[in-house]
1. Can I6 be described as more than 17 Å from V61 (Cα to Cα) and either in contact with a helix residue (DSSP H, G or I) (Cβ under 9 Å, 6 or more places away or on another chain) or assigned to a helix (DSSP H, G or I) (or both)?
2. If I ask for residues that are in contact (Cβ under 8 Å) with a residue 12 or more places away in the chain and under 12 Å from the mean Cα position of the chain (by Cα), which ones from segment 7-16 would you list?
3. Checking L58 against (1) part of a helix (DSSP H, G or I); (2) in contact (Cβ under 8 Å) with a residue 12 or more places away in the chain; (3) not basic (K, R), which test does it fail?
4. Look at E24 and say whether it is modelled with pLDDT under 90, farther than 14 Å from Q74 by Cα and part of a helix (DSSP H, G or I).
5. Would you mention how many residues in segment 17-35 are surrounded by 13 or more Cβ atoms within 10 Å (Cβ to Cβ) and free of Cβ contacts under 8 Å to residues at least 60 places away in the same chain?
6. Looking only at segment 85-97, decide whether some residue is acidic (D, E) and at pLDDT below 90.
7. Among the residues of segment 27-38, write down those that are farther than 23 Å from A51 by Cα and assigned to a helix (DSSP H, G or I).
Amino acid sequence: MKAELILPDFAKALDRFSEALSTEPTEDLIRAGCIQYFEFTFDLAWKSIQAVTEHYGLDPVKSPRVAFRTAFSQGWILEQQPWLEMLRPETVCLMFTAPRKRWRFMTVLRISDSPSNNCGLASKS
């Protein structure tokens, strides 16, 4: 998928996920919905990285782990380890049972938007 198409979808998914997390998961149905939003947003995150690496002609990204390592090395994300931790299934459970963890992962999901990170799609470098 082209970066110009997937990045707006990722931004929308991140907004929806953020909204879902602002609701206290008091029922299993709400908790399940939040987990679904997380999974969808996380999937779009690594696929967005995959599209951006393709846009810039970087080495192909074939997995989420490689995507987050590439994004960190390019300066597109500020921290690598929390993203890699999110690949572990138990992380999703922790995120929806521990409020501090929830805040931590929402902070990590904010992708670097510094102009010096070469993440703008206006031109290939």
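1. Details: more than 17 Å from V61 (Cα to Cα): no; either in contact with a helix residue (DSSP H, G or I) (Cβ under 9 Å, 6 or more places away or on another chain) or assigned to a helix (DSSP H, G or I) (or both): yes.
For I6, the condition - more than 17 Å from V61 (Cα to Cα) and either in contact with a helix residue (DSSP H, G or I) (Cβ under 9 Å, 6 or more places away or on another chain) or assigned to a helix (DSSP H, G or I) (or both) - is not met.
2. Kept after step one, since they are in contact (Cβ under 8 Å) with a residue 12 or more places away in the chain, are these residues of segment 7-16: 7, 9-10, 13-14, 16.
If the condition is that a residue be in contact (Cβ under 8 Å) with a residue 12 or more places away in the chain and under 12 Å from the mean Cα position of the chain (by Cα), then L7, D9, F10, A13, L14 are the ones that fit.
3. Of everything listed in (1) part of a helix (DSSP H, G or I); (2) in contact (Cβ under 8 Å) with a residue 12 or more places away in the chain; (3) not basic (K, R), L58 misses just condition (1).
4. Values: modelled with pLDDT under 90: yes; farther than 14 Å from Q74 by Cα: yes; part of a helix (DSSP H, G or I): no.
When the stated conditions are applied, E24 does not pass them.
5. Step one: list which residues in segment 17-35 are surrounded by 13 or more Cβ atoms within 10 Å (Cβ to Cβ), which gives 17-18, 20-21, 25, 30-31, 33-35.
Still in the running and free of Cβ contacts under 8 Å to residues at least 60 places away in the same chain: 20, 30, 33.
Total satisfying the criteria: 3.
6. To start, the set of residues in segment 85-97 that are acidic (D, E) comprises 85, 90.
Retained after the next criterion (residues that are at pLDDT below 90): 85, 90.
Scanning segment 85-97 turns up at least one residue that is acidic (D, E) and at pLDDT below 90.
7. Of segment 27-38, the ones farther than 23 Å from A51 by Cα are 27-35.
Hits for segment 27-38 are D28, L29, I30, R31, A32, G33, C34, I35.
The values are calculated or read from the model by the stated rules, or taken from the named source; none is laboratory data. What you see is a predicted model, and the numbers here were worked out from it, not measured in a lab. In this analysis, Cβ positions are derived from the backbone assuming ideal geometry, glycine residues included, and neighbour counts consider all displayed protein chains.
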